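K.L.:
This is the structure I want to talk about, given as structure tokens.
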Amino acid sequence: MDKILSKSERTRQFIIETTAPIFNTKGYEGTSMSDLTAATGLTKGSIYGNFENKEEVALCAFDYNHNQIRKVITEKINQAKNYHDKLMVYATVYHSFTRPKGFIRGGCPILNTAVEADDTNPLLREKVAKAIMSWKKGIMNLIEAGIEAGELKADADREQTALSIIALIEGGVMISRAINQPASLDVVLKTVSGIIDNLKADNLS
């Protein structure tokens, strides 16, 4: 049974959901308090009555954006019938990040936040690091389960494969946005597909 939220909890959630696309599009430094008040229709006092400062809003907004991605990926992975197809979700779902109607406005929050928070905001950088490590662990777990099921090669390097997939996806998103050519990401994702195809056990190839 879903928890019934209090009025303050509903207000807090409203602020997070409303400002999450702004932070993901304009970044932490580029997002002003006037952006937050304009988007939510709340006063500065109302926002600070629910959050300690702008940084806390940004941290919650990152979690919200990241969770939106995880929900989509998890749903598609659960629908896939074998471990090859589960891994292949990563080679398909990220196409939308460089399209105007991508499912996360502003693109990949991991990439966006990592670039901005690298040297300036340790709390946001920590959020990104945890997100990447969770992503890496998820891929490695799928590979391990695929090996145990006899679907993937027993000698597959779990960590190398996971890090390569993540690096290619994030690099592809960055390049496609920098040169404003969404098709560039498609090229990179073909390489991701190739890596995943090469994981298939020889008897299933």
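K.L.:
When every alpha-carbon pair in segment 101-166 is counted, what percent end up more than 20 Å apart?
P.N.:
Here the tail beyond 20 Å accounts for 44 percent of pairs.
K.L.:
Quick one: which residues, 5+ away or cross-chain, put their amide H under 5 Å from the amide H of L152? H built at 1.01 Å from N.
P.N.:
Answer set, sorted by chain and number: I147, A201.
K.L.:
Now for a different question. For the chain, what is the mean residue ellipticity at 222 nm derived from helices alone (per DSSP H run of n ≥ 4: -39500 (n - 2.57); sum divided by total residues; nearest 500 deg cm²/dmol)?
P.N.:
Helices in the chain give a 222 nm mean residue ellipticity of -23500 deg cm²/dmol.
K.L.:
Further, regarding this structure: Take each complete run of DSSP H in the chain, measure how far its Cα atoms stretch along the helix's own axis, and keep only those covering 18 Å or more with mean Kyte-Doolittle hydropathy at least 0.5; list them.
P.N.:
158-178, 183-197
K.L.:
Treat each spin label as a single point 7 Å out from the Cα along the C-beta direction, and report the D119 to H95 distance in nm.
P.N.:
Here the answer is 3.9 nm between the modelled labels.
K.L.:
A follow-up question, please. Take the alpha-carbon centre of segment 136-166, take the same for segment 1-54, and report the distance between them in whole Å.
P.N.:
The two parts, judged by their Cα centres, are 38 Å apart.
K.L.:
Now for a separate question. Please go through the residue pairs K86/K190; K7/K71; K76/K136 and name each one whose alpha carbons sit more than 19 Å apart in this structure.
P.N.:
The pairs that break the limit, which is 19 Å between Cα atoms, are K7/K71.
K.L.:
Right, something else. Let me check I have the definition right: for the chain, take the eigenvalues of the Cα gyration tensor, multiply each by 5, take square roots. What are those semi-axes in whole Å, largest first?
P.N.:
35, 19, 14
K.L.:
I would also like to ask the following. Pull up the cross-link candidates among the aspartates and glutamates for K137, meaning alpha carbon to alpha carbon under 12 Å and not fewer than 8 places away within one chain.
P.N.:
E159
Each value in this text was obtained by applying a stated rule to the coordinates, not by laboratory testing. On a predicted model such as this, the values are computed, not experimentally measured, just so you know. Glycine also receives a Cβ, built like all others from the backbone with ideal geometry; neighbour counts cover every protein chain displayed.
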